[in-house]
Amino acid sequence: MHHFTYKGGVLHAEDVSLAELAARVGTPFYAYAQATLSRHYRVFDDAFAGDDHLVCFAMKANSNQAVLKLLAGLGAGMDIVSGGELKRAQAAGVAGGKIVFSGVGKTEEEMRAALAHGIRCFNVESLPELRRLSQVARAMGRTAPVALRINPDVDAKTHEKIATGRKADKFGISWTRALEAYALAAGLPGIAVTGLATHIGSQITDLQPFEQAYSLMAELATRLREAGHDIRHVDLGGGLGVPYRGDTDIPPHPDDYAAMVRRLLGHLDVAYIFEPGRMIAANAGVLVGRVLYVKEAEGKTFLITDVGMNDLLRPTLYEAFHHIQPLAEPEPDAPMMSADVVGPVCETGDYIARERRLPQMKEGDLFAVMTAGAYGAVMAGTYNTRALVPEVLVNGADHAVVRRRFDEERIVGLDSLAPWQMA
Ligand code: LLP
């Protein structure tokens with residue numbers, strides 16, 4: 001479900017013509033539909049109505065201030081993974097009590113900042129990290145609320161690079177060592193055990209891996225309580241997928257996911273924390289670009305566009321599929337073409353789609369790369385000294401540029417010469 005539809009023959013974000021936005025902002029740019037963001041947040045949150053729960057948006061998926069402010073306004077907390085994300089969450093006015101801190105490599109400085117902001121919980125991923133957090137908290141005269149992130153050794157059956165819950169992955173503490181780890185935590189000064197956490201991966205389209213991991217969490221929570229630990233919440237991570245293709249990758253509905261969670265953990269009387277990212281933001285965003293050239297090569301056609309891998313890394317990094325829709329609505333009997341849709345970056349891996357069947361497109365045509373609201377703009381860079389792509393938020397018939405284009409002059413201006421190079 002999203003709010004990008006053809007109206008009067010032109011693709012709109014809610015009631016704003018993407019073609020008009022392109023004329024105003026220039027391409028490429030990301031556009032987000034506020035209605036989709038709100039709807040997805042609510043669908044997930046409502047699925048747990050009646051349960052003590054907190055939805056912490058995994059802000060790594062989309063950390064634009066306008067997006068955070070919107071979600072925070074709906075009651076969302078944030079799942080952060082760096083001091084930078086903490087700063088963004090603070091700037092968006094998110095209270096410490098609604099922030100959980102994940103990640104395998106927290107620095108002392110990041111720990112101090114999070115302690116000072118009074119965050120809800122540190123999801124600790126290793127014993128050395130636990131000891132370091134104890135030292136940092138003690139030195140500050142504070143107590144760090146802690147959940148240990150447990151690695152359940154479950155294959156989430158997703159792309160290799162975004163599965164996080166197998167024993168060979170760098171994340172979490174093996175479930176086989178959970179009891180020992182909690183015993184250590186309980187004895188450390190400056191640490192207060194408050195819960196249990198897991199996250200098995202991303203773009204998961206089947207409930208089965210979740211079930212496997214969550215059954216283990218339920219069992220662990222019981223055993224930890226028996227051992228005297230105060231397990232008040234279970235953080236079940238994020239990971240619910242989205243339909244990038246719309247046929248072979250239909251994810252479970254949040255209501256079915258919620259029913260499964262209640263069935264497995266309902267008897268524990270714990271608060272749930274969730275960390276969804278993609279399912280809230282992905283379908284709420286598109287990336288708009290323009291065809292620069294149509295290049296007929298040896299037996300194939302390249303649509304050379306102004307969308308580079310620096311603007312959207314997912315296709316080349318994960319072989320990810322994103323639908324491409326022309327902004328001008330194709331006639332039902334429009335002639336089709338098969339093309340590699342590529343960018344201007346000097347790498348063969350710089351593509352949005354390969355051998356894609358598309359309505360015939362020509363030089364100058366505008367198009368939208370769909371389902372680009374999560375892990376799109378946040379993963380963009382300036383490789384090939386290309387401007388950092390801007391972001392626009394749409395709300396009904398209104399729009400606002402919520403990140404302006406970081407242009408090439410400013411990129412060059414970040415560098416400086418060494419003193420000995422000055423004349
Ligand atoms: N919690 C933790 C601890 C995570 O590491 C992640 C994602 C999430 C929550 C949110 O997962 P989600 O609900 O969005 O699936 N760049 C990749 C995705 C990387 C996901 C990293 N961790 C992509 O574009 O597919």
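The values are calculated or read from the model by the stated rules, or taken from the named source; none is laboratory data. Note that this is a predicted model, so its numbers are computed, not measured. For neighbour counting, all protein chains shown are included, and Cβ atoms are generated from backbone atoms with ideal geometry for every residue, glycine included.
Tabulated results
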| read-out | value |
| --- | --- |
| Among (1) away from the ligand (no atom under 16 Å from the Cβ); (2) polar (S, T, N, Q); (3) surrounded by 17 or more Cβ atoms within 10 Å (Cβ to Cβ) - the single one Ser416 does not satisfy | (3) |
| Residue match in region 148-167 (condition: among the charged types (D, E, K, R) and in a helix (DSSP H, G or I)) | yes |
| Subset of region 150-161 [buried (at least 16 other Cβ atoms within 10 Å of the Cβ), in contact with a Phe, Trp or Tyr (Cβ under 7 Å, 6 or more places away or on another chain) and touching a residue at least 24 places away in the same chain (Cβ under 8 Å)] | Ile150, Asn151, Pro152 |
| Residue in region 94-113 that is free of Cβ contacts under 8 Å to residues at least 60 places away in the same chain, more than 24 Å from Leu393 (Cα to Cα), away from the ligand (no atom under 16 Å from the Cβ) and part of a loop (DSSP other than H, G, I, E, B) present | yes |
| Conditions (1) without any contact (Cβ under 8 Å) to a residue 60 or more places away in the chain; (2) farther than 30 Å from Gly195 by Cα; number of the one not met by Pro326 | (1) |
| Top-ranked residue in region 147-177 [being hydrophobic (A, V, I, L, M, F, W, C) and closer than 12 Å to Ser126 by Cβ; ranked as nearest to the ligand (Cβ to nearest atom)] | Phe171 |
| Subset of region 221-250 (residues that are at negative phi and touching a Pro at 6+ places or on another chain (Cβ under 9 Å)) | Gly238, Leu240, Gly241, Val242, Pro243, Asp249, Ile250 |
| Residue satisfying condition, being assigned by TED's automatic domain parsing to the domain that holds Ile119, of a type in the set (Ser, Thr, Tyr) and within 15 Å of the ligand (Cβ to nearest atom), within set Thr205, Thr222 | Thr205 |
| So Val43, is it among the aliphatic types (A, V, I, L, M) and more than 22 Å from the chain's Cα centre (by Cα) | no |
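Every residue, every condition in (1) part of a helix (DSSP H, G or I); (2) free of Cβ contacts under 8 Å to residues at least 24 places away in the same chain; (3) surrounded by fewer than 15 Cβ atoms within 10 Å (Cβ to Cβ), yes or no:
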| residue | (1), (2), (3) |
| --- | --- |
| Thr194 | no, no, no |
| Gln212 | yes, no, no |
| Met217 | yes, no, no |
| Leu224 | yes, no, no |
| Asp255 | yes, no, yes |
| Leu264 | yes, no, no |
